[in-house]
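The structure appears below as structure tokens.
The values are calculated or read from the model by the stated rules, or taken from the named source; none is laboratory data. The shown structure was predicted, so the numbers you read here are calculated from the model rather than taken from an experiment. Cβ placement follows ideal geometry from the backbone for every residue including glycine, while neighbour counts extend to all protein chains displayed.
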Number of protein chains: 2
Amino acid sequence: VPGHDFERRGWVQRQLAASILLQSHTLSDRNMASLPIPPPACLLKPYAVPYRYMLGPGPSNVPPRILAAGAQSMLGHMHAETLEIMSHITSGIQYAFQTQNEVTLAVSGPGHAAMECALFNSLEPGESVLIAVNGIWGERAAEIAERIGAKVNTIVQAAGGYFTNQEIEQALVKYKPVLLFLCHGESSTGVLHPLDGIGDLCHKHNCLFLVDSVAALGGTPVYMDKQGIDILYTGSQKVLNAPPGTAPISFSERACQKAFNRKSKPVSYFLDLSWLANYWGCDGKAMRIYHHTGPVTGFFTLREALCILAETGLENSWKRHKEVAEYFHKGLEDMGLKLFVSEKKARLPTVTTIVSPPGYDWKEITAYIMKNHHIEISGGLGPSVGMVLRVGLMGCNSSKPNVDMVLAALADALKHCHKSRV
Amino acid sequence: VPGHDFERRGWVQRQLAASILLQSHTLSDRNMASLPIPPPACLLKPYAVPYRYMLGPGPSNVPPRILAAGAQSMLGHMHAETLEIMSHITSGIQYAFQTQNEVTLAVSGPGHAAMECALFNSLEPGESVLIAVNGIWGERAAEIAERIGAKVNTIVQAAGGYFTNQEIEQALVKYKPVLLFLCHGESSTGVLHPLDGIGDLCHKHNCLFLVDSVAALGGTPVYMDKQGIDILYTGSQKVLNAPPGTAPISFSERACQKAFNRKSKPVSYFLDLSWLANYWGCDGKAMRIYHHTGPVTGFFTLREALCILAETGLENSWKRHKEVAEYFHKGLEDMGLKLFVSEKKARLPTVTTIVSPPGYDWKEITAYIMKNHHIEISGGLGPSVGMVLRVGLMGCNSSKPNVDMVLAALADALKHCHKSRV
């Protein structure tokens with residue numbers, strides 16, 4: 001029951017805030033006279049974080065049990081318990097991704113770090129890469145691949161569009177890439193990209209298949225092994241409902257073959273897969289060597305998030321996201337709003353794009369809803385800026401009561417922000 | 001009072017654990033039959049993290065108010081409140097670093113990400129860099145600089161040593177580097193490197209001065225501006241006592257001049273200073289553009305950690321770390337143990353290296369102390385492996401009761417592990 005859940009959140013919040021206020025901000029005797037830079041006044045008083053309904057494209061709300069998991073006491077980054085938790089995370093990602101890949105781990109950073117980890121390890125300077133660009137994530141992948149000296153080729157679709165398998169195969173033939181980048185859930189445009197058959201095409205043309213599923217994973221089916229995906233990554237802060245700062249990623253044997261037999265070292269030591277695979281115990285070696293200090297409490301939260309997914313069941317999660325999204329889309333259309341993605345099957349169930357209502361300033365709408373309803377919804381991003389409003393219903397936020405709440409907020413905003421700047 | 005503090009920790013732990021157990025691990029009706037990879041059993045039961053006294057080289061224990069700050073509810077990475085918290089963090093780092101640098105922020109990753117951020121932005125391919133190597137951190141900086149195609153020159157000191165200003169100037173003259181890397185607190189060997197005068201030498205020879213103070217910052221004086229340091233970074237999980245996953249960093253105007261007028265883009269988009277400076281509102285531009293999703297709750301914890309430092313006062317913190325370290329060192333010598341760094345003024349007050357006692361296996365000692373006393377101390381790292389035991393007393397862990405506790409544990413271990421493998 002979401003209402004129940006929100007009450008619990010409030011309870012945990014109050015307990016924690018009380019604990020903070022109780023213990024903090026008692027100044028000890030100080031002797032600062034000789035320091036050129038004095039302690040800043042803004043740090044000498046507590047800051048209470050307000051509660052927001054996080055119904056934008058992410059981060060999403062974090063359920064209290066995940067917050068609590070992250071507030072457990074610190075362990076060493078290589079303590080036996082931490083390594084055990086990391087192995088649970090590997091198992092959880094294998095389940096979430098539907099893969100048996102051994103090299104399955106979480107990058108110690110946000111989704112962008114995972115994107116760089118994927119591209120840095122699988123591409124060498126001068127190699128041809130094909131990037132499917134139908135929104136901001138393809139643009140960013142191209143930018144990253146260019147920086148490391150790959151030969152970047154793109155196929156481009158306007159915001160809201162996606163690629164047919166035929167278009168993809170033509171480009172594979174034309175550019176002979178060693179890697180294809182495709183975004184599964186294009187959160188800037190609200191497009192869910194079909195995945196079936198593309199892995200086979202890639203392998204037929206001797207190419208690795210890299211999929212960004214940051215905004216889709218857990219909310220809609222993906223079968224890494226069955227769909228022939230060679231590298232797949234997501235973020236912790238979307239459907240998984242963990243705080244941002246860890247990013248699950250997995251590499252197929254084919255991808256590992258390439259990554260572990262490079263001529264040049266990857267540009268980043270921090271994101272070097274050979275080191276990461278050892279840290280995560282995925283390289284078959286008995287001895288773990290210190291690489292970097294992982295975000296230990298981030299691992300606690302990611303484990304808990306994967307627990308919730310395992311308890312819920314992937315298929316139930318996919319089903320719920322689909323039903324809630326359809327319920328939301330109908331509600332929007334009943335209000336006279338227009339969905340940005342016209343084709344039903346191409347609509348991302350996690351992030352919905354709504355055509356920015358004519359006669360309104362989208363910024364007024366999002367600001368009004370934040371101010372009066374404490375709900376985050378957002379405008380467009382990259383190629384969709386100014387064109388859309390975006391609403392995310394991910395993980396615990398994917399519920400019909402949340403839909404009703406955001407529809408009511410939208411209706412209220414449309415009543416109050418009408419043509420105010422026209 | 002440390003005892004009081006530990007009690008509080010226990011209280012918070014119990015509250016949170018109860019909250020977790022209450023809410024978690026109720027399986028919903030599942031229908032997994034058709035999924036090739038079933039939900040892993042290890043995720044279908046709770047995992048209670050044990051309490052450890054984190055007296056190794058880091059991460060250190062996290063005080064309850066920092067844990068509580070991190071368990072506050074999620075905000076967007078660009079919400080007004082998040083941006084305000086980030087500006088507080090900038091002020092706090094300026095205080096901790098004793099700098100007025102505008103470009104002062106936290107990298108969304110561990111210390112290694114900050115090291116890469118520093119080197120990626122300040123070096124271009126083919127440029128000469130000088131790395132002072134007297135432990136693992138110089139080795140790693142050299143490794144990173146090599147990967148991005150810089151011309152790497154090193155000066156090397158054996159584990160336990162450091163460099164005179166004369167040696168540094170000779171190398172500056174010889175190699176004409178654009179950047180000098182120096183580690184302030186060499187946690188692998190327990191050496192505190194002197195910093196005075198080196199900035200001036202660098203600038204005289206047209207070179208930027210980059211300092212790694214991951215293990216020292218907050219525990220011993222550093223004056224970024226006064227000492228002419230151009231790039232300085234630290235980690236969140238050492239003296240600051242926040243969880244790992246954010247890394248404070250600051251760039252002088254001289255460093256920014258070089259970073260913002262490069263011919264080539266840095267290899268990493270995620271760590272590109274132009275983007276980071278905009279995200280952190282340090283570039284003077286009114287408009288913030290989405291770059292990546294920062295670790296929002298990591299920012300909550302880092303802010304709280306900097307609050308504690310501001311309340312305590314830097315000078316009090318430096319003084320306490322020095323006194324506690326000296327008390328510890330005397331206790332070790334009274335027990336007949338030998339300090340690895342013979343010169344008193346070169347001893348790092350945050351991480352102490354003890355000569356591995358002859359006739360003992362260091363691994364048995366650390367394992368015994370973990371098993372019987374729940375205290376983490378560690379062996380050597382990189383060039384000091386097998387040579388030392390390392391004990392960290394950082395931030396809230398820098399206290400005389402902790403010293404007494406770890407001395408008692410060491411005495412107990414020396415009684416029980418004696419020559420067991422000889």
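Quick notes
- Screening A:Lys226 on (1) over 12 Å from the mean Cα position of the chain (by Cα); (2) part of a loop (DSSP other than H, G, I, E, B); (3) buried (at least 24 other Cβ atoms within 10 Å of the Cβ) shows it passes everything except condition (3).
- Number of residues in the range A:128-158 that are touching a Gly at 6+ places or on another chain (Cβ under 9 Å) and either buried (at least 23 other Cβ atoms within 10 Å of the Cβ) or among the aromatic types (Phe, Trp, Tyr) (or both) equals 7.
- Test: residue in the range A:105-119 that is surrounded by fewer than 24 Cβ atoms within 10 Å (Cβ to Cβ) and touching a residue at least 40 places away in the same chain (Cβ under 8 Å): no
- Any hit, the range A:359-370, residues being more than 24 Å from B:Ser73 (Cα to Cα), assigned to a helix (DSSP H, G or I) and in contact with a Cys (Cβ under 7 Å, 6 or more places away or on another chain): yes
- Summed over the range A:230-258, residues that are among the hydrophobic types (A, V, I, L, M, F, W, C), crowded, with 24+ Cβ neighbours inside 10 Å and under 21 Å from A:Phe209 (Cβ atoms) total 6.
- Counting the residues of the range A:229-246 that are more than 10 Å from chain B (Cβ to nearest Cβ) and either under 11 Å from the mean Cα position of the chain (by Cα) or within 19 Å of B:Phe300 (Cβ to Cβ) (or both) gives 4.
- Residue in the range B:165-182 that is part of a loop (DSSP other than H, G, I, E, B) and either within 14 Å of chain A (Cβ to nearest Cβ) or of a type in the set (A, V, I, L, M) (or both) present: yes
- Subset of the range B:225-283 [farther than 27 Å from B:Gly197 by Cβ, touching a residue at least 12 places away in the same chain (Cβ under 8 Å), among the charged types (D, E, K, R) and in contact with a helix residue (DSSP H, G or I) (Cβ under 6 Å, 6 or more places away or on another chain)]: B:Asp283
- Residue match in the range B:191-205 (condition: buried (at least 19 other Cβ atoms within 10 Å of the Cβ), touching a residue at least 40 places away in the same chain (Cβ under 8 Å) and in a strand (DSSP E or B)): yes
- Number of residues in the range A:38-53 that are facing chain B (nearest Cβ under 7 Å) and under 30 Å from A:Thr352 (Cα atoms) equals 4.
- Residue match in the range B:249-264 (condition: in contact with a Gly (Cβ under 7 Å, 6 or more places away or on another chain), of a type outside the set (A, V, I, L, M) and in a loop (DSSP other than H, G, I, E, B)): no
- Selected residue (only one of B:Gly135, B:Gly160, B:Gly111 is out of contact with any Cys (no Cβ under 7 Å at 6 or more places or on another chain) and on the phi > 0 side of the Ramachandran plot): B:Gly160
- All conditions in (1) assigned to a loop (DSSP other than H, G, I, E, B); (2) at the interface with chain B (Cβ under 7 Å from one of its Cβ atoms); (3) at pLDDT below 55 hold for A:Asp29, with the sole exception of (2).
- Hey, A:Val107 in contact with a Leu (Cβ under 8 Å, 6 or more places away or on another chain) and within 15 Å of B:Pro244 (Cβ to Cβ) or not: yes
- Of the residues screened, A:Ala346 is one that is touching a strand residue (DSSP E or B) at 6+ places or on another chain (Cβ under 6 Å) and of a type in the set (A, V, I, L, M).
- Within the range A:24-49, residues that are over 25 Å from B:Tyr223 (Cα atoms) reach partners that are at pLDDT 50 or above and of a type in the set (Phe, Trp, Tyr) with beta carbons closer than 9 Å, at six or more positions or on different chains, in the pairs A:Tyr47/B:Phe300; A:Val49/B:Phe300.
- Applying the criterion of being out of contact with any Ser or Thr (no Cβ under 9 Å at 6 or more places or on another chain) and in contact (Cβ under 8 Å) with a residue 24 or more places away in the chain to the residues of the range A:172-185, the residue that is surrounded by the most Cβ atoms within 10 Å (Cβ to Cβ) is A:Phe181.
- Test: residue in the range B:330-343 that is within 20 Å of B:Gln94 (Cα to Cα) and touching a Leu at 6+ places or on another chain (Cβ under 9 Å): no
- Index of the failed condition, A:Lys415 passing every other in (1) in contact with a Ser or Thr (Cβ under 8 Å, 6 or more places away or on another chain); (2) surrounded by fewer than 18 Cβ atoms within 10 Å (Cβ to Cβ); (3) of a type in the set (D, E, K, R): (1)
- Test set (1) more than 26 Å from B:Asn134 (Cβ to Cβ); (2) outside any loop (DSSP other than H, G, I, E, B) - B:His418 fails condition number: (2)
- Wholly enclosed helices (runs of 4 or more DSSP H) of the range A:54-151 bearing at least 2 residues among the charged types (D, E, K, R) and either at the interface with another protein chain (Cβ under 9 Å from one of its Cβ atoms) or within 30 Å of B:Leu35 (Cα to Cα) (or both): A:80-97, A:136-147
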